[in-house]
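First the structure, in the form of structure tokens, and then the observations on it.
The values are calculated or read from the model by the stated rules, or taken from the named source; none is laboratory data. Bear in mind the structure is a predicted one, so any value in this text is a computation, not a measurement. Neighbour counts are summed over all protein chains in view; Cβ atoms, including those assigned to glycine, are modelled from backbone coordinates with ideal geometry.
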Amino acid sequence: MRVIHTSCIGFLLSLTFGSLGFAQGGAVAAPIVNWSYLGRSSTFEEGYLRGSAAVVQSVGQANYMNSLAAVNFQEATRKQIENQGLYVRNNIQNRELVHQFRERYRPSAPTQEEWQRVTEALLPDRLTSDQFDPINGKLIWPHILRSEEYQAFRERVDAIFSNRTPDNSGDGSPSQRELASLIDGMKMLLKSNINTVTLSQYASSKWFLKSVDYEAQFPLQSLPAKIEAGATDLFN
């Protein structure tokens with residue numbers, strides 16, 4: 001009975017691992033099944049001998065099928081390791097392809113000249129001769145900013161511009177810092193009155209204030225002696 005039980009276990013194991021091996025690429029060998037219930041013995045002695053032979057054969061078949069099951073198990077393990085390696089390689093390859101695609105179609109970084117052009121385009125314009133007289137420092141204000149509510153700001157800005165010197169002008173100078181604060185105040189006041197002006201009037205006035213602020217960042221150049229003397233005679 002123990003031998004028969006062992007043979008049955010070996011047969012079941014062979015079927016289990018044989019099916020696994022078949023899924024991974026085919027079983028190593030097919031199990032041996034050469035018995036049936038159709039054959040019968042004619043005498044008692046023949047039946048005894050057949051039974052003894054069957055016991056011996058079952059032991060051999062059990063060992064054989066156990067070996068097949070062990071081989072199929074090792075084969076399945078090998079296939080599993082190969083599949084894991086293939087998964088890792090494909091994953092790395094896909095990442096490399098994505099990286100190559102991004103590098104190929106990534107927009108090129110702007111050059112220094114392009115950045116400079118963009119920066120210059122965002123800067124406001126300097127005051128023109130129709131807006132500012134650099135000799136006497138007089139500003140020609142837009143009509144919107146000439147109203148009475150801007151008078152205090154306007155008079156102080158005019159005073160600073162007319163009294164600027166080469167030593168007290170330019171970005172970071174006391175006059176420039178005070179002008180920046182005054183212009184910010186005028187911008188806030190202009191924004192609060194946005195409903196009283198048209199869109200074009202608001203835009204032109206705001207752009208003029210930006211230009212005044214930008215103009216204050218440039219240092220005042222010393223005038224030649226002749227021009228300075230002529231300007232003095234003109235206003236005396």
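Of the residues Q176, Q131, only one is at negative phi and more than 42 Å from the chain's Cα centre (by Cα); which?
Numbers: Q176 fails: more than 42 Å from the chain's Cα centre (by Cα).
None of the other options fit; the residue is Q131.
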Residues that are modelled with pLDDT of 85 or more, under 30 Å from I183 (Cβ atoms) and among the hydrophobic types (A, V, I, L, M, F, W, C): does the stretch 88-105 have at least one?
no
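If only one of S192, S204 is under 18 Å from L122 (Cα atoms) and modelled with pLDDT of 90 or more, which one is it? If you could, list the steps in order and put the result at the bottom.
Working: S192 fails: under 18 Å from L122 (Cα atoms).
Answer to the check: S204.
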Consider N91 against the criteria (1) in the same structural domain as M186 (by TED's automatic domain parsing); (2) farther than 30 Å from S200 by Cβ; (3) free of Cβ contacts under 8 Å to residues at least 40 places away in the same chain: it satisfies all of them except one. Which criterion is unmet?
(1)
May I ask you to list the residues in the stretch 117-159 that are under 19 Å from A216 (Cα atoms) and of a type in the set (A, V, I, L, M)?
A121, L122, L123, L127, I135, L139, I140, L145, A152, V157, A159
I'd like the residue in the stretch 136-163 that is closer than 17 Å to R126 by Cα and surrounded by 14 or more Cβ atoms within 10 Å (Cβ to Cβ) and, out of all such residues, is modelled with the lowest pLDDT.
G137
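Condition test on L220, is it surrounded by 15 or more Cβ atoms within 10 Å (Cβ to Cβ), over 21 Å from I144 (Cα atoms) and hydrophobic (A, V, I, L, M, F, W, C)?
Numbers: surrounded by 15 or more Cβ atoms within 10 Å (Cβ to Cβ): yes; over 21 Å from I144 (Cα atoms): yes; hydrophobic (A, V, I, L, M, F, W, C): yes.
For L220, the condition - surrounded by 15 or more Cβ atoms within 10 Å (Cβ to Cβ), over 21 Å from I144 (Cα atoms) and hydrophobic (A, V, I, L, M, F, W, C) - is met.
Go through the stretch 75-116 and count every residue that is over 26 Å from the mean Cα position of the chain (by Cα) and charged (D, E, K, R). Break it down into steps so the answer makes sense when it comes.
Let us first name the residues in the stretch 75-116 that are over 26 Å from the mean Cα position of the chain (by Cα), namely 75-87.
Restricting the remaining residues to those that are charged (D, E, K, R) gives 75, 78-79, 82.
Selection size over the stretch 75-116: 4.
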